[in-house]
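Take a look at the structure set out below.
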Amino acid sequence: MIIMNYNMLSVLLAFIIMELYNLRRLISNKESIKVLITYVVITASSLVIGLLLAAGRRPASPAEWIQWIFKMIGVVK
Amino acid sequence: MFRRIKKYLGLDNQEKDNGAIYTDTDEPLPRNIDKVKERLNTIFSECSDYIQRDIVCGEDNGICILVAYIDGFVDKKVLNQDVIRPILDYFSCTDKLHRAKSVYQLIKRCIISSNEIEEAQSMRQAVYRIVSGDAVLFINGSRIALAVGVKAPQGRQVEEPDTEVSLRGSREGFVENLSTNMVLIRKRIKNPNLKFEMLQLGTQTNTDICICYIKGIANDEIIEEVRRRILKIRSDAILDTGYIEQYITDNQFTLFPLVGNSEKCDKLVSKLLEGRIAILCDGTPYVLTVPSLLVEAIQTADDYYDHAFFASFMRLLRLLALFISTLLPALYVALVSFHHTVIPFKLIITLAASRQGIPFSPFIEAVLMIMAFELLREAGVRMPRTVGQALSIVGAIVLGEASVAAGIASNLMVIIVAITAICSFITPPLIRVTMLVRFIFLIIANFFGFLGISLTAVVVLIHLCRLRSFGIPYMTPFSPLTMADLKDSLILVPIWAMITRPKALFQGDTQNRAGIKRQEAAKISEDK
Amino acid sequence: MEKARISGLQLFLLMTGFLLGSRLIINPGTEAKADGWLAILISGTGGLLLITLYSLIVLLNPSRTLVEILRDRFGNAIGSVVAVFYIWYFIHLASLVFRDFGSFLVTTTYPRTPMEVIIALFALSIIYAANSGIEVMGRISEILVPFIPFLSTIIGASIVTTHDFTAFLPVLENGIKPVIKESLNLLTFPFGEAVVFLTIFPYLNNKRHLKKITTLSTLLVTVLFLYIFFRNIIILESHFLEQATFVPHLTSVLFPGINLEPLFDVIMIIGGGIKITCAIYAAVISLSQLTGAKDYRIFTSCIVAFSVILSLWIHENIFELFSWTGNVWAYYSIPFQVVIPFILLLFSLFKKDKLQDEE
């Protein structure tokens, strides 16, 4: 049983509504495929991460990746 | 079947309806007077106020003239004296008739003693002249009709406007009659550079609209923009400048007024002299001014007549009032429901005591009281003035005292709503804006406290910075900061120190010339 | 590129607001303890050099924004890759500031409101601001930014009553090392972050004043940092300074007679809002130029949503956030803030000479 964080979910919902509304404008503006793909990728990734966060399963974050890389190089102890 | 569909789609143009409904077609005037009469009778069928009179005179009754007018609209005495009698007198002595000239030229140049004569070349123009209050003369054998201005004075006298009261300065307000209004403006600016551009709007009402500006002071680009927007209006009726306002405003989705209006002559004239453009409309005393900026909400005509120190102080007070009227209830709700720590300790005790026994949350309490006040205000506007006293008693005693006694609202809440109400009346142009914005703030404050209030305030500010009125940023002179224009914003400098005109209203080259001219004029007058 | 133009004053205030930004809630120069003023001075000098570097790049590539400059100088392929990294950096920056403010509000004034909601509220107003365009952003900063020095002066003046004015002595008690480390931190946060302005400088209406404006703004910010630092250390003394998390907030609570927390919130919203808006705007403009979108506004909401999610994702808790910004951020930022701009400047100088030779 996954305990969902409802605040997070409502925030996500608000953003999704806004982005779907925006997507309509994007299509009616006849933007290029490149723009559309970028838009969808960013939106989808934030949706996926948001859902994982709401479910309380936080994946390793970019900050940790960066720290790990620096540790590998030896800049940070 | 197909024809019906075609008709429905508006494709069927062949069927011209010449019957009861008059449509604007540019048909020429018939030469024969009988045909004219027949046509006019079909156009004005069932118009009981339409009157036509035949004049038959001259040698062998050779001259037939038809006088057409609307009953009550024209001054009958003037019509008789200046038009009908001279014609009858002239042609009764047949030997005076010049055969060389046409009857039309004769009547136009020599006979009619009225000073306002215009030619109507087509049926459309003639009909328009009749319905706008002129007497139109159709002469047998002529393709041109004569429109004689014999309009009877209509409407009320010039009086002091109720909506804008000032302590000093002129008490004259505009009236419903367009020409009277134009005279009121011209009386104050005796200068041929004051221009009045007339045009007609509304396919049904044919209302006279007048764009008024001072050439050389007003920005030509803005004038062109005003003209363009007004000509774009497609409406069948213009009953008030309010209609025009909604058509020409820059942004339809804003609460803030992007077009100013005024009923006071001296105020309007000062706006014209600052380089604004006025739009007058027949049938309403409210005159529009564009561009309109936020700072105008805290300016009043009195400021300029009074000493600059007092005026500056009053302006700061008005700004404070603007903030209070929008934010005070929201701040109260936020304080009471979230931020007890901010309230001084002694006050919090009295506050808690006064809120004891009140069943509602501060938010509900505030909404109830503000709604009661708004209802009271609306009732005060709509009802006859004689009942007003009864209303104020109801408002003061029942809503103020009794609601506290009955335990519906706390004392402090009553005070807060009262202060808010007083403050909202101080800046009349924004009175409806603050009413709505107050509710928005109240709702946000109830959920998110001070954070919500400050974020919403920032959003309102962004909105204000986005707005433009005829290309001029709404927040000028504060943002974009126009140093030269700050002299007439929160702090007012004395009138002799206002050497330059508002810079923000100009964008083209004309600006500096006008400004410099004014500066030069000031210098010359100083030298003298 | 938008057709809008901003005036010198607007850019000056926008930049000042940006640089003050989140350093208004996190004390400048904490790690160096009583020697923080030295760190502020060193980093201010370094910041001046960096920001002059950025303005030189813009002056050498007139009316081009970051992506266009990168593509021009590095070639289309490498330039685009570097641009993608920059966009990521801007989004990361925005999300860090989001997180700073979220944590700040949750720990101080709004302990019962969930952080997601606070950040989302922030985000909504920022979408509106960024969608309004650079011109409107300039105008807002013209009204709001002057409040920051004004309010912090009021707060400072009213709490400095009976306190130890020698708190910052002795000088260099712990040696030079922490000072250097803190200087590096301050240099990369906030001065080096002005790399965001590579996308905003091109909108200045009068390029001749660019260097003057940036210099003045950096100097003002340094002076304000010094003022805040001295205020805090005089009131709280150094050992208390390093224990507290949000030091400026603590000092404002000490305001006599009345609780000034809400006033402080206002300063913070102004600084943080401008900082996030600039970062988001830079990311959105760069992304739209990279993909060739007709209208940059279509990306605003999705970028803001992404950085909100990122801000919640990126650190588990506030301690991790602070240790990361203290230890990693400086090294992570150096390529973006120093190395690439420096290479860009060299390329611009070199290629300009070449172009002139050809002519």
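Odds and ends about this structure:
- All told, A:Lys30 meets the bar of being surrounded by fewer than 12 Cβ atoms within 10 Å (Cβ to Cβ) and not hydrophobic (A, V, I, L, M, F, W, C).
- Against the test of being at negative phi and either modelled with pLDDT under 90 or more than 9 Å from chain C (Cβ to nearest Cβ) (or both), the options A:Ile42, A:Ile73, A:Ile49 yield a single qualifying residue, A:Ile73.
- C:Leu41 in contact (Cβ under 8 Å) with a residue 12 or more places away in the chain, in a helix (DSSP H, G or I), among the hydrophobic types (A, V, I, L, M, F, W, C) and surrounded by fewer than 20 Cβ atoms within 10 Å (Cβ to Cβ): yes
- Pairs with Cβ under 9 Å, 6+ apart, first in the range B:149-169 and more than 15 Å from B:Asp302 (Cα to Cα), second open to solvent by 70 Å² or more (accessible area, probe 1.4 Å) and part of a strand (DSSP E or B): B:Gly149/B:Glu118
Okay, residues lined up against (1) surrounded by fewer than 18 Cβ atoms within 10 Å (Cβ to Cβ); (2) under 27 Å from B:Ala457 (Cβ atoms):
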| position | (1), (2) |
| --- | --- |
| C:Asp100 | no, yes |
| C:Met115 | no, yes |
| C:Asn131 | no, yes |
| C:Ile134 | no, yes |
| C:Ile140 | no, yes |
| C:Phe150 | yes, yes |
| C:Gly156 | no, yes |
| C:Leu186 | no, no |
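- Flag if C:Ile228 is within 14 Å of another protein chain (Cβ to nearest Cβ) and either without any contact (Cβ under 8 Å) to a residue 24 or more places away in the chain or of a type in the set (Val, Ile, Thr) (or both): no
- Of all residues in the range C:5-33 being open to solvent by less than 10 Å² (accessible area, probe 1.4 Å) and of a type in the set (Gly, Ala, Ser), the one that is farthest from C:Lys207 (Cα to Cα): C:Ala32
- Qualifying residue in the range B:340-358 (condition: open to solvent by less than 50 Å² (accessible area, probe 1.4 Å) and outside any helix (DSSP H, G or I)): yes
- Positions within the range B:423-442 being over 30 Å from B:Lys264 (Cα atoms) and free of Cβ contacts under 8 Å to residues at least 24 places away in the same chain, in sequence order: B:Ile440
- For the range C:112-126, the candidate set comprises residues that are touching a residue at least 12 places away in the same chain (Cβ under 8 Å) and within 9 Å of chain A (Cβ to nearest Cβ); within that set, the residue that is nearest to C:Val284 (Cα to Cα) is C:Ala123.
- Answer residue from the range C:23-35, given it is in a helix (DSSP H, G or I) and within 19 Å of the chain's Cα centre (by Cα) and is modelled with the lowest pLDDT among those: C:Leu24
- Residue tally, condition open to solvent by less than 20 Å² (accessible area, probe 1.4 Å) and modelled with pLDDT of 90 or more, over the range B:211-235: 9
- Options C:Ser311, C:Ser286, C:Ser301; residue that is touching a Gly at 6+ places or on another chain (Cβ under 8 Å), open to solvent by less than 30 Å² (accessible area, probe 1.4 Å) and either more than 30 Å from C:Glu31 (Cβ to Cβ) or within 14 Å of chain A (Cβ to nearest Cβ) (or both): C:Ser311
- Residue match in the range B:496-507 (condition: open to solvent by 20 Å² or more (accessible area, probe 1.4 Å), within 14 Å of chain C (Cβ to nearest Cβ) and at pLDDT 90 or above): no
- Residue in the range C:64-83 that is within 11 Å of another protein chain (Cβ to nearest Cβ) and surrounded by fewer than 18 Cβ atoms within 10 Å (Cβ to Cβ) present: no
- Number of residues in the range B:363-409 that are closer than 28 Å to B:Thr326 by Cβ and in contact (Cβ under 8 Å) with a residue 24 or more places away in the chain: the value is 15.
- Among (1) surrounded by fewer than 16 Cβ atoms within 10 Å (Cβ to Cβ); (2) under 19 Å from C:Lys294 (Cα atoms) - the single one A:Trp65 does not satisfy: (2)
- Flag for C:Thr109 being within 14 Å of chain A (Cβ to nearest Cβ) and outside any helix (DSSP H, G or I): no
- In this structure, B:Thr326 does not satisfy being out of contact with any strand residue (DSSP E or B) (no Cβ under 6 Å at 6 or more places or on another chain), buried (at least 19 other Cβ atoms within 10 Å of the Cβ) and not in a helix (DSSP H, G or I).
- Among the residues examined, B:Pro429 does not qualify as modelled with pLDDT of 85 or more and over 32 Å from the mean Cα position of the chain (by Cα).
- Reported count of residues in the range B:241-266, each being crowded, with 16+ Cβ neighbours inside 10 Å and either part of a loop (DSSP other than H, G, I, E, B) or acidic (Asp, Glu) (or both), is 9.
- Hey, C:Val136 more than 14 Å from chain B (Cβ to nearest Cβ), in contact with a helix residue (DSSP H, G or I) (Cβ under 8 Å, 6 or more places away or on another chain) and either β-branched (Val, Ile, Thr) or without any contact (Cβ under 8 Å) to a residue 12 or more places away in the chain (or both) or not: no
- Residues in the range B:457-474 that are buried (at least 21 other Cβ atoms within 10 Å of the Cβ), assigned to a strand (DSSP E or B) and not small (Gly, Ala, Ser): B:Ile472, B:Pro473.
- Among the residues of the range C:236-251, those that are under 13 Å from C:Ile25 (Cα atoms) and either open to solvent by 10 Å² or more (accessible area, probe 1.4 Å) or within 12 Å of another protein chain (Cβ to nearest Cβ) (or both) comprise C:Ala244, C:Thr245, C:Phe246, C:His249, C:Leu250.
- Of the candidates B:Ala409, B:Ala379, B:Ala396, the single residue that is surrounded by 12 or more Cβ atoms within 10 Å (Cβ to Cβ), among the small types (Gly, Ala, Ser) and under 23 Å from B:Ile348 (Cα atoms) is B:Ala409.
- If the condition is being more than 24 Å from B:Val131 (Cα to Cα), open to solvent by 50 Å² or more (accessible area, probe 1.4 Å) and of a type in the set (Asp, Glu), then the range B:147-194 contributes B:Glu159, B:Glu160, B:Asp162, B:Glu172.
The values are calculated or read from the model by the stated rules, or taken from the named source; none is laboratory data. These figures come from a predicted structure and were not determined experimentally. Every residue, glycine among them, receives a Cβ derived from its backbone with ideal geometry; neighbour counts consider all protein chains shown. These accessible areas exclude ligands, DNA and RNA; they are computed on the full protein's heavy atoms, side chains included. Shrake-Rupley method; radii C 1.70, N 1.55, O 1.52, S 1.80 Å.
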